[in-house]
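First up is the structure itself, then whatever we jot down about it.
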Amino acid sequence: MAGTLVVCEHLAGKFSDITFEMLDLANSLGTGEINALTFGSMAENAGELGIANKVISASCSNDFNPETYSAATVAAIESTSPDLILIASTSMGYDLANPVAASLDLPLVAYCTGIQNNGEDFVCTSSLYGGKMNVSSKVSGPVVAMVLSGTHDADSGRREGAPSMSEIAAPATDGKIRFKRLIEPEPGDVDITQSEILIAVGRGIGSKDDIEVAEELAELLNADIACSRPLVDAGWMEKSRQVGKSGFKVKPKLYITLGISGAPEHIEGMKDSATIIAINSDENAPIFDVAHYGVVEDLFEVCEELIEELE
Amino acid sequence: MKIAVLLKWVPDLVEELEVDDDGTGLDTEDLKFKLNEFDDHALEEALLLAGDDDEVIALAMGGEGSEKMLFTALAKGATRAIRLTGSSTEGTTGLATAFSQVLEAESCDLILTGVQSVDDRDGQLGPFMASKMGLPCISVVSEVSLSGQTASVMKEYAGGMMAEFEVDLPAVLGIQAARETPRYAPVSKIRQMQQTSTLEEFSITDTGTGSGSTVSGFSQPEGGSGAKMISDIEELAELLNGLGVV
């Protein structure tokens, strides 16, 4: 086994949690040496990557660019010949894993929640169909696996140490993509990351006007309203209320979901809430896997009855 | 300007999904399919970007759903619709090969597709295909503007952060969300398109040997394994009481 290459994601000068999750995963697999690839000045924080035997630092900008970061990753793979390449299943990861796999003609397995090392090959489990199916893929290395956030333990992947260091130059690219600037989110009227109680509405709410019932319940419970992605895309809710992959990560005392099925993109943003109560009419909805309490019923009926009961 | 939009037919997750007899796929017998919702956003963004002299070409693999997707795209305002025939494809790698054949023949300035789909086990179509075609690609895009042969795009990161990039055309973009809600095409208009317009056909050849990995199992996550189920409202109210929120 020729080891694992963990491609470390960072944003705004800090390694993202998924970087440590991937190190935790790599550490559990026993595939030999673990190399961590960092970009720009992030190698200065190599001490946090104690699980890695070696840190390879790509000399390039700290700002993600699909072209340069892919070229650097390809160079790191060519110089270390890993059996397993772990890349985050994130916005940056999409524009990194795909070009790397395509240009090196390596198999790619996306949305991985777990990887098993069988010695001769790997079995990667992907969470597909909005989290409603686990699909396992058998594949021999070298393989690029895209790891979903929230599937491994970032805390145990974060270990202080002094991995050996090396540097690679990011190969020249044709510069068709140019990074311009990073934009911080516009603050909303409510900072949902600070809310103690959140009522999160999803697609099951059906229409913009029907959000009213959630607001009524929120008032009674002294809660703030959050939502899943589709409601922002539909223009029904502000982006500042969005929980999940491209929204905010929240950890309230109580998180109540109304009509949220529980796609992995949403679960990643709320699964650490202290208590989760899910209300959904589909008993097979994956949200019930992470919820502590579940109510399988029409959300409007539940809300109306509950409002009556509480009043 | 020529803008291509790649459309994909995917299982509707509103339906209950079941594993087939082999245990390595979905039981498709009672399954309903629909246009990948992100592709619908890609189509909308293409229609919004296109000026009067620009062409919007909708592309889809032949087979189930292709007529519905393509005639609907025409009804919404696409100028042309091409159905890919001659070979079936497997996975993202197969789709990428198929679409790249017609795209190379059409030489478009901009290629839009949905950021992801519910079944893209072997990678996301946009960036994978772009790399195979030697084109630049940005995914998870929610804003696009064009100026000459350059696109300015917003790519979404976690926590509401965004990054602005400039991309030389021709380029591929994986669309997360169009700037407006995808428009609706009335059934009457789709019917009218079916009567008055025709779908072009493009015959694809060998779409490769697959993704390099083999599906070895499909299983449903154990439903409700974690949650304690509550069946009456009083119990729910009591729970909230116990949590000290009321």
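We did not get these values from a lab; they are worked out from the coordinates using the rules stated. Small disclaimer: the values here were computed from a predicted structure and weren't measured. We place every Cβ from the backbone using ideal geometry, glycine too, and count neighbours over all the protein chains shown.
Given segment B:102-246 reduced to its alpha-carbon atoms as identical point scatterers, what log10 I(q)/I(0) does the Debye formula return at q = 0.16, 0.18 Å⁻¹?
These q points yield log10 I(q)/I(0) values of -1.07, -1.18.
Per q in 0.13, 0.15, 0.16 Å⁻¹, report the Debye log10 I(q)/I(0) for chain A, using one uniform scatterer on each alpha carbon and no solvent.
-0.94, -1.13, -1.22
Please report, in Å, the Rg and the Dmax of segment A:269-311, where both are computed over Cα atoms only.
11.4, 31
Along segment A:151-166, what does the Karplus equation 6.51 cos²θ - 1.76 cosθ + 1.60 (θ = phi - 60°) give for ³J(HN,Hα), rounded to whole Hz, x for Gly and Pro?
Computed from phi, the couplings for segment A:151-166 are 9, 10, 8, 5, 4, 7, x, 9, 9, 6, x, 10, x, 6, 10, 9 Hz.
Over 22 Å between Cα atoms: which of A:Lys176/B:Lys8; A:Lys239/B:Lys68; A:Lys208/B:Lys32; A:Lys239/A:Lys271 fall into that group?
Check vs 22 Å cut-off fails for A:Lys176/B:Lys8; A:Lys239/B:Lys68; A:Lys208/B:Lys32.
What is the order of B:Phe99, B:Phe71, fewest Cβ neighbours within 10 Å to most?
Fewest-to-most ranking of B:Phe99, B:Phe71: B:Phe71, B:Phe99.
Over the C-alpha atoms of segment A:4-169, what are the Rg and the largest Cα-to-Cα span, Dmax, in Å?
According to the Cα coordinates of segment A:4-169, Rg and Dmax are 14.3, 42 Å.
Name the long-range amide H neighbours of B:Leu26: under 5 Å, sequence gap of 5 or more, or other chain; modelled H, no Pro or chain starts.
Residues meeting the criterion, in which the H sits 1.01 Å from N, are B:Asp20.
Treating each Cα of segment A:1-58 as an identical point scatterer and ignoring solvent, apply the Debye formula and state log10 I(q)/I(0) at q = 0.16, 0.20, 0.21, 0.27 Å⁻¹.
After summing over all Cα pairs, the log10 values are -0.41, -0.64, -0.70, -1.11.
Kindly put A:Arg178, A:Arg241 in sequence by how many other C-beta atoms sit within 10 Å of each C-beta, fewest to most.
Sorted ascending by nearby Cβ count, the order is A:Arg178, A:Arg241.
Note the direction-averaged projected area, equal to a quarter of the hull surface, for the Cα convex hull of segment A:63-111, in nm².
3.3
Counting only other chains, and only Cβ atoms inside 10 Å, what mean value do you get across the residues of B:204-212?
Mean shielding count: 2.
Across 5 Å bins from the origin, how do the percents of Cα pairs in chain B run, short distances first?
Result, from short to long distances: 1, 6, 12, 16, 17, 14, 11, 8, 6, 4, 3, 2, 1, 0 percent.
Can you give the convex hull volume of the alpha carbon atoms of the protein assembly as shown per residue, in Å³?
So the per-residue hull volume is 148 Å³.
Give me the net charge for the shell around A:Arg229: Cβ to Cβ below 12 angstrom, other residues only, Lys and Arg +1, Asp and Glu -1.
-1
Tell me, what is the percent relative contact order of chain A, built from C-alpha pairs under 8 Å that lie six or more residues apart?
Rounded, it is 16 percent for chain A.
Long-range amide H contacts for B:Met229: which residues qualify at under 5 Å (H placed 1.01 Å from N, peptide plane, sequence gap of 5 or more or a different chain)?
Residues meeting the criterion, in which the H sits 1.01 Å from N, are A:Gly294.
For segment B:1-139, what is Rg from Cα atoms divided by 2.2 N^0.38 Å, rounded to two decimals?
Cα-based Rg divided by the globular estimate yields 1.04.
Taking a ≥ b ≥ c as the square roots of the eigenvalues of the Cα gyration tensor of segment B:149-224, is the shape rounded (a/c under 1.5), prolate (a/b larger than b/c) or oblate?
Verdict is rounded for segment B:149-224.
Which whole-Hz ³J(HN,Hα) couplings does segment B:203-219 yield from phi under the Karplus relation 6.51 cos²θ - 1.76 cosθ + 1.60, θ = phi - 60°, glycine and proline marked x?
So the J values, rounded to whole Hz, are 8, 9, 10, 1, 9, x, 9, x, 7, x, 10, 10, 6, 10, x, 10, 8.
Find the percent of Cα-Cα distances in segment A:192-310 that exceed 21 Å, and round it to a whole number.
26
Could you compute the net charge surrounding A:Tyr111? Neighbours are other residues with a C-beta less than 9 Å from the C-beta of A:Tyr111; K and R count +1, D and E count -1.
Once all neighbours under 9 Å are counted, the net charge is 0.
Neighbouring Cβ atoms within 10 Å as the yardstick, rank B:Arg191, A:Arg181, B:Arg80 fewest first.
By the 10 Å Cβ count, ascending: A:Arg181, B:Arg191, B:Arg80.
Using only the alpha-carbon atoms, how far is helix A:66-80 inclined from the longest principal axis of chain A? Give it as 0 to 90 degrees, nearest 10.
50
Just to check I understand the Karplus step: with θ = phi - 60° and J = 6.51 cos²θ - 1.76 cosθ + 1.60, what whole-Hz values come out for segment B:87-104, glycine and proline as x?
So the Karplus estimates, Gly and Pro as x, are 7, 8, 10, 10, x, 5, 4, x, 4, 4, 5, 4, 5, 5, 5, 6, 5, 5 Hz.
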